[in-house]
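Student: Could you have a look at this structure, given as structure tokens, before my questions?
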Amino acid sequence: MAADPIIEADGLGIRFVRNRRRQLRLREFFIRPGGRGTAGLAADKSRSGDDGRFWPLRDVSFRVAPGETLGVVGRNGTGKSTLLRLIAGVLIPDEGSIRVRGDVAPLLELSAGFSNDLTGRENLYLVGGLHGLSSRYLRKHFHEIVSFAGEQVERAIDTAVRHYSSGMKVRLGFAIISHLPHPILLMDEVTAVGDAEFREKCYATIERLLREGRTLVLVSHNEKDLTRFCRRGLYLDAGRLTVDGTIAEALDAYHAAVAR
């Protein structure tokens, strides 16, 4: 018997109103300080009616089996990041349903959730704890996590995060989230930030996690990343799912749309 899908979307849709904050789950305030999701920004770029309402995603249905690697492609403002936040449980759909059978490691906005008033050490325990890692686990793996983040972060680990560069925050965030044991990885252009050495460390970590059987949903404009990690692709056009096939088929649809 085939395993149940680890992610299952049926008629999924979400609506926004221009210049108004929609209801979010509490977790959104940790993923994006201030409470306004990237989905709202994406919605501002998508279709609108005369009443100012936007549907960044509508009537989207798909299934993802455990261990699948899925790339989501489309032009800016077509609902890709919104879809990730719906899978993460950050946003609540207005139509349809999204069911996720397993915990999610959200490699989305890696420096979000950090408090600028706390040190790197304190933020490591804060963010790790918010994602379900015990203090005992974090103490055991503390040096491993900080070492992965790099020498700059190691030297500044007891300095307030407000003094970190954006790159240092991203490196520490990736180091923490990549240690989550969760079966589902959600990634949004994560490897676009950082120097070449750090990107290679990210790639090696992602490949190790996939060998362990994790399920991956990756949003990216980087075709090398998409073809490196993903076998299946979804192409979103104006908030609708128009291609669900191989990653090559999804990229072909994207290229055809861009050429128009």
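The values are calculated or read from the model by the stated rules, or taken from the named source; none is laboratory data. Source: prediction; values computed, not measured. Cβ coordinates were reconstructed from backbone atoms using ideal geometry, including for glycine residues, and neighbour counts include every protein chain displayed.
To keep it simple, each residue is scored yes or no on (1) surrounded by 13 or more Cβ atoms within 10 Å (Cβ to Cβ); (2) assigned to a helix (DSSP H, G or I); (3) free of Cβ contacts under 8 Å to residues at least 60 places away in the same chain; (4) not hydroxyl-bearing (Ser, Thr, Tyr).
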site: GLU144; (1), (2), (3), (4): no, yes, yes, yes
site: VAL153; (1), (2), (3), (4): yes, yes, yes, yes
site: LEU186; (1), (2), (3), (4): yes, no, no, yes
site: GLU207; (1), (2), (3), (4): no, yes, yes, yes
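Student: Among the listed residues ARG63, ARG53, which satisfies the condition of being charged (D, E, K, R) and either under 26 Å from ASP225 (Cβ atoms) or at pLDDT 90 or above (or both)?
Tutor: Selected residue: ARG63, the only one of ARG63, ARG53 that is charged (D, E, K, R) and either under 26 Å from ASP225 (Cβ atoms) or at pLDDT 90 or above (or both).
Student: Right, something else. Testing ARG136 on (1) of a type in the set (D, E, K, R); (2) part of a helix (DSSP H, G or I); (3) touching a helix residue (DSSP H, G or I) at 6+ places or on another chain (Cβ under 9 Å), one condition comes back false. Which one is that?
Tutor: (3)
Student: If you don't mind, there's one more thing I want to ask. Looking at the range 155-170, which of the residues that are surrounded by fewer than 19 Cβ atoms within 10 Å (Cβ to Cβ) and among the small types (Gly, Ala, Ser) is nearest to ASP195 (Cα to Cα)?
Tutor: Among those that are surrounded by fewer than 19 Cβ atoms within 10 Å (Cβ to Cβ) and among the small types (Gly, Ala, Ser), it is GLY167.
Student: Moving on. From (1) in contact with an Asp or Glu (Cβ under 9 Å, 6 or more places away or on another chain); (2) charged (D, E, K, R); (3) under 21 Å from ILE184 (Cα atoms), pick out the condition that doesn't hold for GLU68.
Tutor: In the conditions (1) in contact with an Asp or Glu (Cβ under 9 Å, 6 or more places away or on another chain); (2) charged (D, E, K, R); (3) under 21 Å from ILE184 (Cα atoms), GLU68 misses (1) alone.
Student: Which of the numbered conditions does ALA39 fail, given that it passes all the others? Conditions: (1) modelled with pLDDT under 85; (2) of a type in the set (Gly, Ala, Ser); (3) more than 18 Å from SER220 (Cβ to Cβ).
Tutor: (3)
Student: Name every residue in the range 209-247 that is surrounded by 14 or more Cβ atoms within 10 Å (Cβ to Cβ) and in a helix (DSSP H, G or I), in order of residue number.
Tutor: LEU209, LEU210, GLU223, ASP225, LEU226, THR227, ARG228, PHE229, ILE247, listed by residue number.
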